[in-house]
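The values are calculated or read from the model by the stated rules, or taken from the named source; none is laboratory data. As the structure is a prediction and not an experimental result, all values here were calculated from the model. Cβ: placed from backbone, ideal geometry, glycine included. Neighbour counts: every protein chain shown. What goes into the accessible areas is simple: the full protein's heavy atoms, side chains included, and nothing from ligands, DNA or RNA. Shrake-Rupley method; radii C 1.70, N 1.55, O 1.52, S 1.80 Å.
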Amino acid sequence: MVQLYNCHPFGSQRIVPTKQAPEVFCCGRDSVFVTSAGGCKVEVFTVCQELCQPLCSFNTLGKVLQMHYSDIGDYLVTIEEKNNISSLRTYVNWRCQSTGSSRVSVRMVGLQPDTLSTASSKDQMEIIEMPLSENPLRLSCCPMRGDLLVGCKSKLVVFSMKYISIHGIPVLDFDRSMVLHISGIVPVEVYFCANFISIMSELEVLVFRMTSECQEVLPNISTAVPDLGKRPEKGTKNTLPSTSSHLSECEDFVVFDRPVELIGEECKSCNIVITPESTGLSVDLRTKFCVSYLLYRRFAPDFTDGLSVETIRLHSLQLMPVYKTGSHVPAKAGNTKKDLLSIFCFFSMPHAGYLYSLLNTVQLVSVYQYPERSQQAVLTPQLLHVITRNNLQCFTVRCSAVIVREEDPYIDTTMKTCPPVSMDVCTLRMQLFIGLKAIQHFNNYIVILTKADIEEVPDKRKNSKRLSKKLGYTKTKALSDTEPGWNLYIVSTTPPVQLYREMVEYSKKYDTVKTQGSIHLLSEAHLLLRSALMNPDLVNPAEKEELEAAFRESCGHLGDCFSRLETKKSHLALPYYKMSCLSVSEVIDRVLSKDFPQEYGKGFMFYLKHSLCEDLEEQLSEEMALMVLQIFKTAEPQQIPNVLSSPCMVNVCPANAMAFLEKLESNACSAVISLTKAAMALRMQDLQKYEAEMNRHPEVLLLYGFLEEPRLLMIRKNKEIIPTEMALKLRDTLPGLLIAALVAFHENSKINLKEAELFFKVLCQNYDDDVPQMLVDFWEARLSSYPPDSVLQDVMGKLTSYYVCRICKPKHVCTKSLKSAEDLRNSCSHFGVISPWVLKMVYSGPSPCDHCGDLIKLQSLLCGPSLDVASFLPFLDFIPQDNNAHLSIHLICATRLLNYESSIERLLDRCPEAVTSYAKHEIKEGSQALWWNKLLPELCTRIRDSRNTNEIFISSLKDTLEMISMELDLQDFLNVLPDDGIAAFFLPYLVNQSDKKLVI
Amino acid sequence: MAGKSSLLKVILLGDGGVGKSSLMNRYVTNKFDTQLFHTIGVEFLNKELEVDNHSVTMQIWDTAGQERFRSLRTPFYRGSDCCLLTFSVDDSQSFQNLNNWKKEFIYYADVKDPEHFPFVVLGNKVDISEHQVSTEEAEAWCRDNGNHPYFETSAKDSTNVSAAFEEAVRRVLAIEDRSDQLIHNDTVNLHRKPKASSSCC
């Protein structure tokens, strides 16, 4: 079903003051070109404001069958016929031809710069003759580059436009850059845009793209040639260009191919072969070109209106480029650089039009069902204009909805949205015109040709003409008497903003009844503005500002609709209101001002909840805050605690809020309600009440309460995290609960480590680089909660770095941490048991700071299984080795990296009393040999050096010998014993050793 | 009025400097400029006129006479309805070259029936007193080469210019029934063939 509205997309209309019936016309930039004088003269009219005036006229070299104006290059290209020969010609510098009787210079395409003089071209019209080996049938100019595509029976020829400089003056010329041999179709229409080409026959459309690199193996020349040889048969069959010739020739049977739609690679099965042949002339086309098929459609003839060719076939093939918004930099006219974003393809059968989007994926965007047989159609970025015999119709298009999604994959979120591509198109207007024949579009105008009742008079006219010819007389007067009924109109299209306003007004008719109608019309109006804003030629800032304001307004209207109406899409109220830039208060005012105060729409509640959940800057006034509470009391009372925690509600009267909460609590009590009440009590400075609320639930439940509403403790503002009053209170009264809550937030991804860091720094008013103790407590607590590995490493990194800083700073302020090393070891496995030799080392010298426990925690972490020692190594450089406590850290690391020998040496040097403890503890299976290979000889050497006086060494030697005697058999034991020394010293171990042997 | 007329392509050929552009200018704009530049390539002007009740748009193609512009001008010979071979009466070389011009035209214009193609010969610059080519000489050449009409013209003082161009139109209309070229030819060539042959008789 196509919705029909009665808007006014067409504004004023002018009549092009031609003296004779126009036959061929075209338009572009600011001009309309009309042929007259039997097609041998072109009259040009400029259109500005309310006027349409003759600009100039010039004679052509033959009767113009077709012409096209290219804005880029400002040239007119024609297919002309004289003496049954069709020629292709381009008219440049035609604006010089004000009188129609100046000298015109003619040249062949492909200028030889040296043969041209300075005098030519600047102020003289030039005709470029472009000979072709086949008669040209159809023309198309690329709107982006000014290149020209000419369709002949079996080939398409691409002429690329260029300027060559002749004595410093740019002169327009073309290169015949490429020939595309086609078989299987004879083009009735062609369209060229960027590297996209579409060709159309009576019932077939093919769209393809020229690419410079072959993405896939296409049939190369050698395989294509036999193909070409084979195809003509098929070609000629298909070539019989009109179905009518079939019809007239074989009355018994008419066989048509099945209608089909092929997309992308599938198109290869369509029997149309395109073989590009580069002429090597154009610079940018020198690379080898490949054809990639995008779309093929074949239709069954539409016999609704009888059997004439005109009424069953395709028409109005068009490719419409869309440019990237914002990428367009305003430049001099005719010199603008636009980046292609997307291409749309339109073509039409008599009763239905088809709009495809081409760039990334080929997809059918819309099908237009016309109420009566169409004659011609033109697609513009904003609207589709279709003419039937007596109606100019205007349909809405979905291009902007497609483009928005092409440009912004995140369009459909809670932040922004756009009406769907799939939304039904509608007819904005059907305007009566008598005898519509042709339509064209340029800028803000459509040009339409009407010829009334032409069918009724032709016989008479033809007869009289024949007669006049015989007599050798011209009888122009007689003719003009018989054809009064033509007109060439220039109709201005209504500016988008104006049409938008009308559509909004229109939609208000539906306002009182809850219907989808208003949403549909408002969505149409919204899309209209979107497409107007996408126009790369929109450079006037005032105009742009007006459009943007209208755009915001339209978002507001759509927000209103979705907030109020019960639709499946009521959640769209949120993004539309956001895009409208309305403040929360404004939205509330708008919604409450409507006549539905008793129930709040789903969409509105969704918007309100989301807005209050987000960290908006806006602070609602006290009255507005109360209003919000009342709304939630009616609609969703259980949300009140969360609503009150929103930073938007900072101005709420706490006493009022307390009353709402108490009412709520009377139904169902919960931790989050109590906590919110406690927060309100704090704001009222009622500490008693605060205590009472906090004591109402055990800590675990409070924790859940916080988790339900983290904003009780922290508020986000511009990427900052701000602790609430309650958090400050907890810091002083219940730090454990606060830390547990933050750990819970982190565990539940309500906050990240960086934010937690910020939170504690603000909380403890610690703005320098110092790490507040509470943050350390938080890290330690986080470790104890078994975080995932990534977090674990991160937190351990932070903690070790902190510990290192502390132990390296001898004069620090001691702090009391929440958990001791012992607590940590008991609460999680990441903190390991510290080896006895480490303790021995620590106790052997002056201890850095017992009080803080940072050294023990670090040692414990290093001894634990989780810390990767390699990642800790860089810290070692910062730790001095001046005392044994510090040295112990180095040795723990060395040991964990299996550097036993060096550790033994260092211990012997620095803390020999710990060496046997170290050896016993660390030297494990597989490296026992260290006992006799390293420790024993080292000890002996040192004892000798100390002349047998060092008791610590001697005692260590004894321990070592005992150990070795247990490990080695007698022979080996004897071998490792030193050659010197008193036998009595060693004997007990030998005896011990042989005893062991005996036991075994 | 402008529209319902036939478009006749008339081409001016002849050596450089014989006054082709001046003839065209004199005829179309009734001006004469002694300082005219060499024509580069090909240019044309339209002139609407009525000859024997035929309203005609004459498209006068002016060409560059210099040899070096040959490649620029020859592509445009095709489709001409009449060729004006021009020489200067004070330059016998330009007269002798008429043969070559005629040959060049017939070759490049791809004239199907050179015998009956309308040529008009113009001896320009008769205002100059010292003639190197006599009227008799020129008329003899015209007679020997297909009975072309000959006009002695002067673009400078406007002698015979209109007469020469009008004669060209008359020749075209006479030699061929041009009614099919009149633009309202929805009627197709059915009557044409017999008529054309009858005009031969």
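Note on segment A:615-749: Rg/Rh from C-alpha atoms, Kirkwood Rh, equals 0.94.
The residue list A:890, A:918, A:973 was ranked by how far each Cα lies along the charge dipole of segment A:879-1000 toward its positive end, using unit charges on Cβ atoms, and A:890 comes out on top.
Other chains' Cβ within 10 Å of B:45-54 residues: what's the mean? It would help to have the intermediate numbers written out before the result.
Details: counts 5, 9, 1, 4, 0, 1, 0, 1, 4, 3.
Whole-number average of other-chain Cβ neighbours for B:45-54 is 3.
Per-atom-type breakdown for segment A:918-999 gives carbon and sulfur 55% of the accessible area (1.4 Å probe, protein chains only).
For segment A:918-999, the dipole from Cβ point charges (+1 on Lys and Arg, -1 on Asp and Glu) about the Cα centre works out to 100 debye, to the nearest 20.
When the Cα positions of A:427, A:403, A:413 are compared along the charge dipole of segment A:371-429, A:427 comes out farthest toward the positive end, with charges on each C-beta of Lys, Arg, Asp and Glu. Annotation: aspartates and glutamates with alpha-carbon distance below 13 angstrom to residue A:153 (same-chain offsets under eight excluded): A:134, A:189. At an R0 of 25 angstrom, the distance between the Cβ atoms of residue A:871 and residue A:901 translates into a FRET efficiency of 0.55.
The lysine pair tally for segment A:615-749, using Cα distances under 26 Å and a gap of 8 or more places or different chains, is 12.
Electrostatic tally near residue A:158: other residues with Cβ closer than 11 Å to its Cβ, Lys and Arg +1, Asp and Glu -1, net 0.
Need the full-extension length gain, residue A:279 to residue A:367, defined as separation in residues times 0.36 nm minus the C-alpha distance. One decimal, nm.
Result: 27.8 nm gained on full extension.
Within a straight-line Cα-Cα reach of under 13 Å, residue A:819 can be paired with the following aspartates and glutamates, leaving aside sequence neighbours fewer than 8 residues apart in one chain: A:777, A:780, A:854.
If you place +1 on the Cβ of every Lys and Arg, -1 on the Cβ of every Asp and Glu, and leave all else neutral, what size is the dipole of segment A:615-749 about its Cα centre, to the nearest 20 Debye?
100 debye
Take each residue of peptide B:71-78, count the partner chain Cβ atoms within 10 Å of its Cβ, and average: the result is 4.
When a/c reaches 1.5 or more, the comparison of a/b and b/c decides; with that in mind, is segment A:918-999 rounded, prolate or oblate per its Cα gyration tensor? Oblate shape, in that a/c is at least 1.5 and b/c is the bigger or equal ratio.
Using +1 at the C-beta of Lys and Arg and -1 at the C-beta of Asp and Glu, which of B:86, B:101, B:111 has the Cα lying farthest in the positive direction of the dipole of segment B:77-165? Result: B:111.
For residue A:857, the shell of other residues with beta-carbons less than 11 Å away shows a net charge of -1, using +1 for Lys and Arg and -1 for Asp and Glu. Its Cα centre serving as origin, segment A:767-897 has a Cβ charge dipole (Lys and Arg +1, Asp and Glu -1) of approximately 300 debye. Per residue of peptide A:104-111, the mean number of Cβ atoms on other chains within 10 Å of the residue Cβ is 5.
Which chymotrypsin sites (Phe, Trp or Tyr not before Pro) from segment A:724-816 combine a DSSP loop assignment with at most 10 other Cβ atoms within 10 Å? Present the calculation step by step, with values, prior to reporting the outcome.
Details: sites: A:745, A:759, A:760, A:767, A:778, A:779, A:802, A:803; in loops: A:767.
Within segment A:724-816, the qualifying chymotrypsin sites (Phe, Trp or Tyr not before Pro) (loop, at most 10 other Cβ atoms within 10 Å) are A:767.
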